[in-house]
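The values are calculated or read from the model by the stated rules, or taken from the named source; none is laboratory data. Given the structure is predicted, the values throughout are model-derived calculations rather than measurements. When we count neighbours, we look across all protein chains shown, and the Cβ atoms used for this are built from the backbone with ideal geometry, even at glycine. Accessible surface is based on the protein model in full, side chains and every heavy atom, while ligands, DNA and RNA are left aside. Shrake-Rupley method; radii C 1.70, N 1.55, O 1.52, S 1.80 Å.
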Amino acid sequence: MIKIYSPQKIEQILSSLEPEINDICSRYKLPPAFLKAILTREMKEIDFLDLIADTAVFCNWQRAKLTRVFPDLSGKESTRGDLLRKYDSSTGYGQIFARTAIQAIRFAIERGLTTTEALGLGKDRSLSVDSPADRWEVWSRLHKEVAFNLTCSALNVILSAWEMTGKTDFTLFTPEDIKLTFTRYNADVRQITPYGEEAYQSYLHYC
């Protein structure tokens, strides 16, 4: 499948987003190289199937709103091939799912890193991955708003770091810690994967 972004285009996009990336990373005490490495690794793999998946998610939510028949989101996620029942997809530059973003937001709120109000999601709100309204709102913002997508991607890096190392002070991270963090962003596994290794090389480049 033909990829959407060439390496040169990815570098151009990251360069244009430098102010936003630095602002977000400063806010959450995340070294910008972490977020840039993830964005590079994710954007590299975006292809036309991802665009089709995003379109299916958008259309399915519009149909649900028109018919007022909303999906039960508490069960197993639909696969990318089951487009008529797909209500979530990895979207935007960070290729992040609404479910993943909500989990990262909840973690960040629990840790005192942000609030739903600061994220433009309303004051003192409790988000749920099983709520159709919450999933649609978060997914549509991830899909349309670059800054929101980058913010949730950064929060997911922090959550990934915590789950794999028990730390969020990135000044203490070893190369293995960094690779494990990158691995968790992409997959629910405990050992370093090729994805983690490749993202680490991008991290060194941006350092």
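Suppose only helical runs count, i.e. DSSP H with n ≥ 4. What mean residue ellipticity at 222 nm does that imply for the chain under -39500 (n - 2.57) per run, divided by all residues and rounded to the nearest 500 deg cm²/dmol? Provide the component values of the computation, followed by the final result.
Details: 9 runs with 126 residues, N = 207.
Using -39500 (n - 2.57) per qualifying helix, the result is -19500 deg cm²/dmol.
By a 1.4 Å probe calculation restricted to protein chains, D82 has an accessible surface near 40 Å², given to the nearest 10.
Based on alpha-carbon centroids, what's the gap between region 136-207 and region 19-55 in Å, whole number please? Region 136-207 and region 19-55 have Cα centres spaced 9 Å from each other.
Sorting F173, F182 by accessible area puts them as F173, F182; the probe is 1.4 Å, largest comes first, and only protein heavy atoms count. Helix 194-206 axis versus longest C-alpha principal axis of the chain: approximately 60°, rounded to the nearest ten. In this structure, the amide hydrogen of T91, modeled 1.01 Å from its nitrogen in the peptide plane, lies closer than 5 angstrom to those of I96, F97, counting only residues at least 5 positions away or on a different chain.
Between helix 146-165 and the chain there is an angle of about 60 degrees, using the helix long axis and the longest principal axis of the Cα atoms. Partner lysines whose Cα lies under 16 Å from the Cα of K29, excluding those fewer than 8 positions away in the same chain, are identified as K167.
Could you tell me what percent of the accessible area of the chain is made up of carbon and sulfur, with a 1.4 Å probe and every protein chain present? Walk me through the numbers before you get to the answer.
Working: 5640 of 10450 Å².
Carbon and sulfur: 54 percent of the exposed surface of the chain.
Longest stretch of the chain clear of exposed loop sites (trypsin sites (Lys or Arg not before Pro), DSSP loop, at most 15 other Cβ atoms within 10 Å, sites excluded): 126-166.
Seen against the Cα atoms of the chain and their longest principal axis, helix 48-67 is set at about 40 degrees.
Within the chain, which is the longest segment containing none of the GluC sites (Glu not before Pro) that sit in a DSSP loop and have at most 16 other Cβ atoms within 10 Å?
Working: sites that count: E77, E117, E145.
Formally, the longest exposed-site-free interval is 1-76.
Just to verify a number: FRET efficiency for A118 and F48, C-beta to C-beta distance, R0 = 45 Å, to 0.05? Numbers along the way, then the final one.
On the way: r = 35 Å, r/R0 = 0.78.
Efficiency, from the Cβ-Cβ distance: 0.80.
Taking the chain as a Gaussian network of alpha-carbon nodes connected by springs under 10 Å, the highest mean-square fluctuation of the residues I52, I178, I158 belongs to I52.
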